[in-house]
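Okay, structure first, notes after.
The values are calculated or read from the model by the stated rules, or taken from the named source; none is laboratory data. Please read all numbers here as calculations on a predicted model, not as lab measurements. Don't worry about glycine lacking a Cβ; one is built from the backbone with ideal geometry, like all the others, and counts go over all protein chains shown. Side chains are part of the model used for accessible areas, which takes the heavy atoms of the whole protein and leaves out ligands, DNA and RNA. Shrake-Rupley method; radii C 1.70, N 1.55, O 1.52, S 1.80 Å.
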Amino acid sequence: MNSWAIIQQSLPMFEKGFVLTLWLSFIGIIGSIIVGLICSLLQYFKIPILHQIATVYVEISRNTPLLIQLFFLYYAFPVIGIKFGAQLCGIIGLIFLGGSYMAEGFTGGFNGVSKGQLESGKAIGLSQWQLARYVVFPQGFSLSVPAMAANIIFLIKETSIFTVIAIPELTNTALDLIGMYYRSNEYLFVLVVAYAIILIPLSIILTLLEKRVRYGSFGN
Amino acid sequence: MADKILQVAHLEKYYQKRHVLYDINFSVDKGEVVTLLGPSGSGKSTLIRCLNGLEPYQNGTITFEEETVTPTEKNWQQIRQKIGMVFQSYDLFPNLTVIDNILLGPTKVQKQSKDAARAEAVKLLKRVGLEDYADSYPRMLSGGQKQRIAIVRALALHPDFMLFDEVTASLDPEMVRGVLNIIKDLANTDNMTMIVVTHEMNFAQEIADRVLFLENGKILEQTPSKQFFEKPQTDRAQEFLDSMDF
Amino acid sequence: MAHSGINVLFEGTNFTRLLGGLWVTVKIAAVALILGLILGIVLGVLRTFKSRLLRLVLRLYLEFFRIVPTVVLLFLFYYILPKQMNFNLPADQLATLVFALWVGAEMSDIVRGALISVPKHQRESGLAIGLNRYQLYRYVLIPQAITLEIPATINLATRVIKTTSLLMLISVMDVINIGQQIIEANNHTHPTGVFWVYGLIFLFYFLIDYPLSWWAKRLEKRRLARANG
């Protein structure tokens, strides 16, 4: 069979993988943003105990590989009686990983607000909460947009690791097909194209967004 | 004797181990304009920033309107509503329009009604000649315009006392005059009490009732303005004036 | 129950085998980093040159490595190199090559970013005293760019180390692969061994990466503090 026929035949399977990759990424990214936001707020306001817990979580999560986090969830947790399906493991793992990256992104944004801004806020008598609400958060969120954009791309790419626990996303689909039909060139080609279709437009959109936010709040 | 609005007694400040302010003592009467002069690095900005709690100090007391300040963040927050401060880098909030920059303090901190605060803000904008810029964002303004807005932002809280920290130092020369005129007008028309840190000697001479001369974190002299610029008490101050080509 | 599984770690040569696997992991990461850093510095400098064609080619190289997930990169080289180019490498060397090319791409962007952030008047002052292009980079731009680059480079190193966890996918005998063998061999006698083995590997990664990212953060903080006066 020629390559185009091979590719054409595989497209329905890739389509399923494509949708699954998008779906898992979407849930993972939303979850990561929520977890990251909570952690960065706990750290910003230095909520006793909880902020130390958040810090420990962030350090563990961002200093260990997703693959081992997934193995732990999928293979080791059942031993102590906690059992999830593969896809749920994937989502939990991705959020566990992404939460710390997002937390670092938000915290970086909050810390990036200049000292002069904080002092002007204090000088007009703003309370700590008002300073956060009117000065630090609005500016900090704009400052964290580039990091958020990088994290979103990163997390989508990380879903390729889901293949190790046999979640039938894009990479897993390609590897399965290669295993069955030995046409690695064709299937890898489709795989790369599929990631390109997701990531190229997304990174263009995110770059535009960064420029816009930057202009919106700082004018250059 | 005039009312003392501010008294500073035996103030000491360290950055970690570095001693930056030594036994600072002075007071400011209501309606008085005091300028802080001295070579760069003498501690002028540090001192003025201690006066509204932006810099912690290690020893001594600050008494504001007859009450000795207990230096907690919460207390300072209350006091800062009565002390307006304007910085060298203007630092308008880039995420807010000009009018929202001005209204933030009156409406959120002092809980004034939005309409009353807005009417007042517009009046102040007119006074500095920028009423057309109410809905602009800071990025659309020149440095001089930003600094005038920063002054309005501080005035909107009806402070009893103003601190100006080298407010013209980052401005292009042609912008300086406009900003200085506003400060002068505040002193002359409103009889505003103020402490001004500046390198503009002519301006200092025009506006000041009294000069505090600082060097290496110490107040070397406190002299009525007229006398200071004619014949200061210390040689160091004379050298300083000479070096400023004054 | 669970505590019996911990014995798996110390039975026979298990622990030394795991350490051996860790060594393979670290070696691949280290060699890939060194090669990638050199490649990345060269490419990064080239990307600040004027030639549009050169910049476009290098940009495409970067974007390719950015867009394709590392897992996929590994498989691309794993399947395509031997088949299309008749180029057979042992899996560990193949992985080193892939990682080095990837590090080179990422590093080129870090280097370029640092170089173009050196103020323009520095470049002009250098040219004004008659430095040639090599001297300009060697004495003015690169030394100033390095302080900017170091935290980002350390962070890249932590990413490479984490990414070595993918080595098992192309059958390199890394720490995870050996861990899996140990788990399988002991599954009957110690069913909870899986918890301890993966736990230990988790800890290994953390112990390598945490000090590095702590260091990067500290350097970055110091740099920012200095920049703000």
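With only Lys, Arg, Asp and Glu charged, each at its Cβ (+1 for the first two, -1 for the last two), find how big the charge dipole of region B:71-193 is about the Cα centre; round to the nearest 20 debye.
320
By a straight-distance test (C-alpha under 15 Å), which aspartates and glutamates pair with B:Lys44 as possible cross-link partners, with residues fewer than eight away in the same chain excluded?
In chain and number order, the partners are B:Glu12, B:Asp23, B:Glu55, B:Asp165, B:Glu166, B:Glu200, B:Glu215, B:Glu221.
Enumerate the amide H contacts of B:Glu221 below 5 Å, restricted to partners 5 or more residues apart or on another chain; note that Pro and chain-start residues carry no placed amide H.
B:Phe213
So which of A:Lys46/B:Lys146; B:Lys17/C:Lys217; B:Lys111/B:Lys146; B:Lys82/B:Lys114 end up more than 23 Å apart, counting from Cα to Cα?
Beyond 23 Å: A:Lys46/B:Lys146; B:Lys17/C:Lys217; B:Lys111/B:Lys146.
Output ³J(HN,Hα) for region B:184-194: one whole-Hz value per residue in order, computed from phi by the Karplus curve 6.51 cos²θ - 1.76 cosθ + 1.60 with θ = phi - 60°, and x for Gly and Pro.
Rounded to whole hertz, the list is 4, 4, 4, 5, 7, 7, 8, 6, 5, 7, 7.
Let me know the mean shielding of A:156-163 by other chains, meaning the per-residue number of their Cβ atoms within 10 Å of its Cβ.
Per residue, the number of nearby Cβ atoms from other chains is 4 on average.
Could you grab the relative contact order for region B:4-243? Cα pairs under 8 Å, six or more apart, rounded to a whole percent.
27
Can you tell me the dipole magnitude for chain A around its Cα centre, using point charges on the Cβ only (Lys, Arg +1; Asp, Glu -1), in Debye to the nearest 20?
Result for chain A is approximately 560 debye, rounded to the nearest 20.
Which order do peptides A:40-50, B:82-92, B:207-217 fall in by mean Cβ count within 10 Å, highest first?
The peptides rank, most packed first, as B:82-92, B:207-217, A:40-50.
Helix-only mean residue ellipticity at 222 nm, chain C, DSSP H runs n ≥ 4 weighted -39,500 (n - 2.57), per residue, nearest 500. What is it?
Dividing the helical sum by the residues of chain C leaves -26000 deg cm²/dmol.
Quick check on chain A: helices-only [θ] at 222 nm, where DSSP H runs of length 4 and up contribute -39,500 (n - 2.57) each and the sum goes over total residues. Nearest 500, please.
Result for chain A, helices only: -26500 deg cm²/dmol.
Kindly write out, for region B:5-18 in residue order, the coupling ³J(HN,Hα) from the Karplus curve 6.51 cos²θ - 1.76 cosθ + 1.60 (θ = phi - 60°), rounded to whole Hz, with x marking Gly and Pro.
8, 9, 10, 10, 10, 6, 6, 10, 9, 10, 9, 6, 9, 7
So if I place +1 on the C-beta of Lys and Arg and -1 on the C-beta of Asp and Glu, and nothing else carries charge, what would the dipole magnitude of the protein assembly as shown be about its Cα centre? I want it in debye, nearest 20.
1300
Which one of A:Leu170, A:Gln69, A:Ser10 has its Cα pushed farthest toward the positive end of the charge dipole of chain A, where Lys and Arg give +1 and Asp and Glu give -1 at the Cβ?
A:Gln69
Would you mind calculating the relative contact order of region C:2-227 from Cα pairs under 8 angstrom and at least 6 residues apart, reporting the percent as a whole number?
Computed over region C:2-227, the figure is 33 percent.
Read phi for every residue in region A:37-44 and hand back ³J(HN,Hα) as whole Hz from Karplus 6.51 cos²θ - 1.76 cosθ + 1.60, θ = phi - 60°, with x for Gly and Pro.
Per-residue couplings from phi come out as 5, 4, 4, 5, 5, 4, 6, 4 Hz.
Sorted by accessible area with a 1.4 angstrom probe, largest first, how do B:Lys231, A:Lys83 fall?
The residues order as A:Lys83, B:Lys231, largest area first.
Cut-off 10 angstrom, C-alpha nodes, Gaussian network model of chain A. Which of A:Ser100, A:Ser203, A:Ser32 fluctuates the most?
It is A:Ser203.
Once you've got the GNM for chain C with C-alpha springs shorter than 10 Å, pick whichever of C:Val26, C:Val45, C:Val118 has the biggest mean-square fluctuation.
C:Val118
Would you look at the GNM of chain A, springs on alpha carbons closer than 10 Å, and say which of A:Ile38, A:Ile197, A:Ile153 moves the most?
Between A:Ile38, A:Ile197, A:Ile153, it is A:Ile197 that shows the largest mean-square fluctuation.
Which pairs, out of B:Lys13/B:Lys218; B:Lys126/B:Lys184; A:Lys115/B:Lys123; A:Lys115/A:Lys211; B:Lys4/B:Lys74, put more than 21 Å between their alpha-carbon atoms?
Checking Cα-Cα distances, A:Lys115/B:Lys123; A:Lys115/A:Lys211; B:Lys4/B:Lys74 exceed 21 Å.
Return the average number of partner chain Cβ atoms within 10 angstrom of each residue Cβ along peptide C:62-71.
6
Mind checking which lysines have their C-alpha under 16 Å from C:Lys50, skipping anything on the same chain fewer than 8 residues away?
C:Lys120
Within a 10 angstrom radius of each residue's Cβ in B:138-148, how many Cβ atoms of other chains show up on average? Whole number is fine.
Across B:138-148, the average partner-chain Cβ count within 10 Å equals 1.
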